[in-house]
Each structure stands twice: as C-alpha cells, then as structure tokens.
C-alpha cells in the first residue's frame, strides 16, 4: 500500500542574533570614508564636537525659553491659588477657565521642544496632571476627549462606537473600562485628590495660604491651535466650563500666527468662558542670532563653516522655514560631512590635541597637506631652500605644520573679538552699510577681504562723521568686548583704545579755546553766499566752500576721531582677513555648499525630471548615454513615454502615443524599419506602454480626463 | 407672589423656597408646576422650552426639580459625543449604575428602551420621572430617530416619564420632515431691565448694604444695558468693576449715599470696560491688574486683536501674496499682470463692463496649485528652484489657516486653494518685502 501525501508547510527561520546586529554609527562613518586609516580618530572627534554643540544648544534653548516658561508657570500658579480664594469677586467669576495663549511664531518644527520642556516643568512644579494634544489626532470631539482622558488618567479609554478593538471583555473589565466623558475625569480627579488628602490628614486646613497641593490644576495643552477644528474646540470648551466648579481646568493654547486667531476661531459666547492671558515668545530671528553668536562666532569650536555653506544655511532659515532646529541640523550635517570627507580633519580639534595629531600624521596625510591650495600658496612665498625642505622633508613639514596650526588658532582667537568690535562700530550707522546683524558682517568677512569692500569704505567715512558722545560709547563697548580676550594683541588693542578714550576726556577741557577759531573760518564763504543770484556763480562758491572745508584745519576732536578710525581700520586689516588666506584653513573650514544644499533643500521634481529625461544620470549604463536633449531608445519604458509626451499639448491621444512608443521600442529591438512588424503593437508592448503610462500618472505628469475620450491630460507645461 | 406657586401634592414650605429662588420667573415656574401636576400624576410626555441665553431655563428647572425632590436626569447634549453617554446618564440617575452597565457596547435606541422597560418593571415610578435635555438643538445632528423617540418616550417605555427639552431656538427649526409627536411649547421671555436689576441686586457684596449695591447695579445697567442683556455677562461685569466703584468710599472721599459722585467716578471706567473686557480683548485677570495699576501704565496691556502681525519666512510671504493675487484676480488677467510683453491689450477692452463688481466684495475664489506656482515664480524677484520646502511651505500655510484647501481628495489631482487673509494683512506682508501688491490687483487698477 502506498500512500503519497503532499504536505505544504511554512517554516520560519529566525535569523541568528549575530547577523541581525546592525552596524553602529561608527561603522557607518568609517565605511566609505575618505582616507580610512585614521577614520576612527576622526569619528571620535566628530562625535565629541557634536555632543558639545548639542549640549550647548540645548542649554541655550532652555535659557531662551526660561523667561516665557517662568511667566507661564507663574500664571498657572496664580490661577490655581485664586481659585481657592473664597473672596467675593473671585467667586463671582469662578466659571472662567484660565487660559494662556502662547504665541510661538511660525517655526512649527521647533515648537515640540518648547512644549516638551513646558510640560516637564509644569509637571515638576505645578501639577502632575498635564496633557498635551495635537490637532491631527483630534478630528472629532470624542477623539479629543479620548486623548485628554488617556493622557491624564494613563488608562485605556473606550470609545463606544469604535468596533476595531473589540476584545473579549469579562464583566469585571467592563466595569473598569472608562467612558469617554468629563464626568469620569471628574470622578477620577476627586478620587485622586482625596487619596493624597487622606495621606496627609489635617494638613489642608492648617496651611491654606500656600498654593494647595491638594487641588493642583488639570492643564491641557493645545499644541497647534490653528489646526484644530473650531467646532470641536468650541464644544470642548463648553463642556469643560460645565465642570469648572469641580475640576480646576486650565488651558494652554499654542499659537503660531497671531493671537487674534482665537477670536477668529471662537465666538463670543465661547471665548467669554475663558480668561485669556497672552504670552509672547522670543522671535525666531533673535533666537537664530543667539545660536549663531554662541556656536559660530566663537573660537571654542574648531569646526568652521565657509561663507557659501553659511549662506546656504542662513538662506534656508530666512527663506524657507524659520526653524532654528533645522539650522542646527544643517550644522550637524556639515560637521559629519567634513569629518567624513576630509582626511586632514584629524587636525580639526583643540589646539593641544591638534598639535599632538600633527606628530602622528602619516606620509600620505603629509602628501595631502602638500596638495592643499593654501599650503601651496604658502610654499611659493618661501625661499627656495625652504621650498625644497617643505616638499621633501617630512619631519620639517610636521614642525611647520605645528606652527601653522598655532597661527590658525591665533587667527581665530583674534578674528571674533575684532569682528564684534567692527560690528558694534558699524551696526548703528545710517543705512547699515555693513549689515544690521553680525552674521551679515561675518559673511562679508568670510567671503572676501572686507576692507576692499565699497560698503566698508563708506562705513569708515560715516564713522568719521560720528558725534563725540556716540563715538565714546561705541569705543567703550569695544573695550568691553576686548576685555575678556586673553591674547597679547587684543590686550594691546584694548590698552590703545583706553588711551584714546582718555584723550577724548581730556579734550573736554581744551574744547572751549578752540571753539572760536573754527567758527571764523567757516562763516566767511557763507556770508558771500547771500549776495549771489547767478547759478554759475553759486556753483562756483559752493565748490570753493567745499575746497576750503577740505583744506580747513581740523580741530583736535576731528584729529582724534580720525586717529580712532584709522586704528579700527588697522585692527580690521590685521585680523579680519578672509580665512582662505590662512594656510591650512581647509582643515577647519567646510566648504561644500552643494552637498549641504542637496541634502537639506531637496528638489524632488528636478530629480524626477532629470531621471526621466536623462536616465544615464542615475543608472550609469553606457548604453543609455546620449547627446543632450534626446533619449536613447534603449532607455526604460517610462523614459520613452515621458519623452514622447513632452511633444504633446494639453491633451494627449493615447493611441497616437502608443503608436509612437511602439515605433521607438521596435527600433530599440533592432528591427529593420522596413520589416513587416516594425512599429506593430503586440501584447507585450501594449502592456509595457500601459505600465509606463500609469507610472507617469502616479508621478503626477498626466491624469485621466473626461473632456475627450481616449485622451489623458498633461499636468505639466512646456516641452522640448 | 407665592400665590402663583400652589400645587396640591407638594409641601407648602418647599414651594415657598422655590419661589424665593426664582425671582422674576414665577409665572413660568407656576405654569410648569401646573403642567407637572401632582408628583404621582402622569405629566405631558414632552415639553419644549425655548428662550434666549441666560433667560433662566435651566435654572428654573433645576430649582424646581431639586427643591421638590423629584426624580430627574439632566443631560447636556453638548457633552453627549455619542448617544451612549446620554442613555447611560439617564439610566444611571434613575436606576443606579447597575442598570447603566446593562447596556451593550454601542447600544441602539431600542437597547435603551429595552433596558429601561426592564428596569422600570422592577422599580416602577411612584413619581413622574423627568429627563431634562439642555442645548437640545444639538439633537438635530444625531440619529434621525432619536428626537422623535424622545418626544414620545412615555409611550415607548410605558412609564411615568416626561422629557423636557431646553433650547435657544424655536421648535419650528426642530420639526423633522417625517413628522413627530408635538411637544408642549413654552417660551421664556427675556428679562426686562427692571427684572435684571432685581436679580443682579441679589448677589450683593457681604460687606456693603443692599441699597448701595443696588445703586451700583443701576449705574452698571445704565451703561451696559444698551449693548448686553445677557444676565451672566452682566453679573460678570458687575463683579469685575465693583471694587473700583467702592474705591472712593474706602478712601473716605464720598459717602455711600452720594450716588451722583459715585456715578461720576465709575462711568468712564465702565465705558472703558465695555471696549475691552466685555469683548474679551483683555482677560478679567488682567483687567483687575489694570485697575490696581491705575491709568499711568494701562497702555502696556494690549488687547488680543492688537497683535495681528505675523512673521513668515521670505518665500512664504511671496507664496501668500501669490495666493492672494490668484484668489482675487480673474485668471484671464494673469497674462496682463505677469507677462512682460503681453501685446497690446488696451485697458478699455480689457476691462469688461459687466465685471463691475469688486472681486473683494465677492470674496476669495479657488485657484489650482499650478496657477499659484506660476504667479509665485513671476512675482518673486530671484530664481527659485522648485524645492521640496516650497511645497511644504504651502502646506504649512494651510495648517496656519492662511490658505484653505478647497477640494479634498488626492494631491496629485491638482489641489485647489483659497487665500484666507484680509487685504490689510496682505498689504502689511507685501510692504515688508517691498512688493506693491495694489499694482497687481485687478480691483485697484
């Protein structure tokens, strides 16, 4: 007897644990890294730098948010205490729900962090009951209720008409399942407060003065008020106001645009139930300014951005998103890219470490240094003997590198204080020749030699016209900036500044004497002016006056002022030269702006079009190479269909398109143009064509239309 | 006054208390009482009470039912996000929580009726049970069968139960087109000025005499009665401004009988309150602080509507401007505004006479995405790559409610938008980017 059986089975093979191990960050970094030998050190350096940047920005963020959060916390505390006052007026208006309208600006991606720290702070110091909700999870009132209850009570809340999560419920569970109403929340709250009350009996009565821990408010944070459905919000507020006597509720509205949105969203009957107070956060441009100040305009971080990268990051911020978080992400990207792609970035660290690392450089690294454009320029300037030494002797090169690295660090140490000084001097000038913000000035200085700039010349001219008291305050501020800097040159500069300031003070005493003689020289041509009527004569006198003024003897103040301006000018010339002129700047400066732009500001549309019109760009297959503007007939079907559809108008006849497609494909198959089945549509071609067309539809180039039968509509305009 | 509130079956003393708690509503209360009849008697199946906000509908019913200790369930329809909450609350207050848990998951109306009948056969009503539905107008949005069923609930459950609906709008707006049992209509008229005075005077400050408070209410009503008759609002305003009213008294400048001087003192203050705190421009808490700060610093607190400035990224501003232009210019005029050499289109030919009506009066018109982008590329002064962030800015403008999406559905299929900002707003925005928007608007040609 033979039994044959066929069995089907499904077997699960669990992958062994070793294989599953995902490569660590380090492995990712080292893989495909330029100059692999010291990649681990570079990874470590990069990691350390990033950790520092991250910690610093977080501290900064907290610092910036502190003020607004503090006032908000005060508000919540005040609200929860006034509620418990038994004074007459407070009782009369106890039905209002205290509401804080928190205006955060349009940089929505940054808000999450603010709200997170806000709710943490609230939970620490005001009330354990904090729930935050977002608009996208609260489409209808019941969902909003559910989220609020869930987050406050930390339990599953059943929504009765949702069938999806039907489980076999025992009768006990049925009792435990919570209904989605504020009544439940109320009961829960009372139970909760009672519990804590019974824990410390008698205390409540004894200390009624301080804000009562027994009655902490229930805070609900609406993260993005604008996106909420007004209807839902109104109903929710109406319901809440019914329970306000029993449940000390409190709202926080996160507003991205302007507070008047509240009035747009809520009718008077609803907004009259709220007691709204406004809190304005720091504007995002100020926020960016502080971040740049702390992260970029400091010699503490050895990693630097070149002018182009800086420009890209700032323009993404100003033109696109106003998001400081994205800006920092951009810096992170540049940082990783720099350490990943530049083998010499081992030297991009603190001075001591860098000097150590110089000694450990391998021969290939030294060769790389010799290839650096800035180093080549340096070599050219040296004498012949030194030149040969540098190119042949490795140990000598190391010595020189140590010196150069020291110079680079010195340069940075002096650059930023002088930049700040120049900024304080010029930022208040009329029409802002060198920009209002220090980042603009920084960009100018990075880009090219600042003193050759026309705006710089005009700024210096304007400086020569400043009044005395203005000049003195500016100089004092400069001196303050230079105060903490520990560098010889800066100390010298500060001493000089102090001397100049002292001279200004001395001027006051001698000022009175010089006054009279100055007036004499000025008045005479003005007197003549009154008599002239002829235009030509007038012009002549004016020119004369100009001459006299120019050649006129300067008074001591003016002399001193010129001296000051020249001093500033000399400082700028000696310290604000662009980084490109510094030897070995490539070690610290990341300059690939295209990489940053490509990663941060993607252009999906351009990429799709590039892929469709020149598939070689992505596929790198030699058969796809073709001259500009045409597609090889061996290209993927969708490329051919795309190319053909570009030749059509707004409506495309599908049959014509198919015919054209078949012709092209036949040519690709090598059929002779005269053979019978050339350009004939067979089933396979038909199917391929249909697939290509539906892919184009998916990509949004065409859509079906009802205007004409067997036609599709083009969604893009223009063609070949 | 108490003569009206007489109904056999209730204790005299209680009726007296009810009458005291319901000033100026004795007629309505009396009518209701006589409708309700004696506790054990059957009442009319459904009663519909309407009247403006704060005309005492809920208050009257609450006082009646509570003071006379009648079995009742009060449900606010706003709260009933699903009918189950309504059913539960009714069962809970009539039969206790065991009954409520008998309801199945997602119960239907017939489930409710079944459970109710089952329960009331165990504990039949000795007195009329009342179900009070507040904000009954929301019942119209629920299942079509709910309202008709509630109106004849007495028949359905065969119990002595009466449903009372409270609403701010008239019954005509409720009547379903399939027809239903007509409830008894009862109107609560607005309080008159005298009545308001009488009611407001009742919650006087404990440390001042009744006459003094009443004179204050008189002054308050003199200012606010022309703009606001809402009892709740008035009560709120009275509480907020009373301390200011008492100020000269506390300083000893005026005696509490000198009403004229007191009036002179408080009147400008109340006028200011009308413009700020009544409109909720400033919150009541801030208002109290302002009172303490005196006039010198009050300028620092600005109302909500004073903050209209919105900071936007550079391209978002231009996208918004482009959206505004697309919304308020007819599409055929785009060529004239945005093409450099648009041929010789004479202005007279170009302006159609029948298009006299201002587009701004008609409101924004929807426009497709590609028109928005085409205008955007021509108004923005530099070359902009169509990056992903441009598109994400459009969607973030939508979430900020500066644009609204008109057509729902998939994004591939040419989404349409409308611009939802005002002319003033867009003018302010375009000023910041040096764009003269009025030159590009068809209406201002």
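Let me make sure I get this right: for chain B, a, b and c are the square roots of the gyration tensor eigenvalues over alpha carbons, sorted descending. Under 1.5 in a/c it's rounded, otherwise prolate if a/b > b/c, else oblate. Which is it?
Judged from the Cα gyration tensor, chain B comes out oblate (a/c at least 1.5, b/c at or above a/b).
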For the range A:583-720: relative contact order, % (alpha-carbon pairs under 8 angstrom, 6 or more apart): 21 percent
Residue A:647/residue A:709 FRET efficiency (R0 25 Å; Cβ-Cβ; nearest 0.05): 0.75
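Which shape class, rounded, prolate or oblate, goes with the range A:604-714 when its Cα gyration tensor gives a ≥ b ≥ c as root eigenvalues, a/c under 1.5 marks rounded, and past that a/b bigger than b/c marks prolate?
oblate
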Exposure proxy order (Cβ contacts within 10 Å, fewest to most) of B:151, B:35: B:35, B:151
Centroid-to-centroid separation of the range A:567-602 and the range A:365-410 [C-alpha atoms, Å]: 20 Å
Residues residue B:247 and residue A:63, FRET efficiency given R0 of 30 Å [Cβ-Cβ distance, rounded to 0.05]: 0.10
The range B:215-295: relative contact order as a whole-number percent, Cα under 8 Å and 6+ apart: 33 percent
Exposure proxy ranking, count of Cβ atoms within 10 Å, fewest first, for A:80, B:58: B:58, A:80
Residues A:363, A:412 arranged by fewest to most Cβ contacts within 10 Å: A:363, A:412
Inter-label distance for residue B:274 and residue B:141, nm, one decimal - labels placed 7 Å from Cα along Cα-to-Cβ: 3.4 nm
Label point distance in nm, residue A:124-residue A:610, each placed 7 Å from Cα along Cα→Cβ: 4.7 nm
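Across peptide B:84-94, how many C-beta atoms of other chains are within 10 Å of each residue C-beta, on average?
Mean shielding by partner chains, rounded to a whole number: 2.
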Gyration tensor verdict on the range B:26-93 (Cα atoms; rounded if a/c is under 1.5, prolate if a/b is larger than b/c, oblate otherwise): oblate
Distance (nanometres) between label positions extended 7 Å along Cα→Cβ at residue A:238 and residue B:17: 3.2 nm
Percentage relative contact order, chain B, counting C-alpha pairs under 8 Å, at least six apart: 12 percent
Cα-based Rg of the protein assembly as shown normalised by 2.2 N^0.38 Å, two decimals: 1.24
Distance from the range A:614-647 to the range B:102-129 (C-alpha centre basis), Å: 74 Å
Sum of -39500 (n - 2.57) over DSSP H runs of 4+, divided by residues of chain B (222 nm, nearest 500): -14000 deg cm²/dmol
Label point 7 Å beyond Cα of residue B:59 along Cβ direction - residues of the range B:207-234 with amide nitrogen under 13 Å: B:230-234
Residue A:569/residue A:630 FRET efficiency (R0 56 Å; Cβ-Cβ; nearest 0.05): 0.45
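Any read-out appearing in this document is the output of simple, stated calculations on the displayed coordinates, not a laboratory observation. The model shown is predicted, which means the values in this text are computed figures rather than measured ones. All Cβ positions, glycine included, derive from the backbone under ideal geometry; neighbour counts span all protein chains shown.
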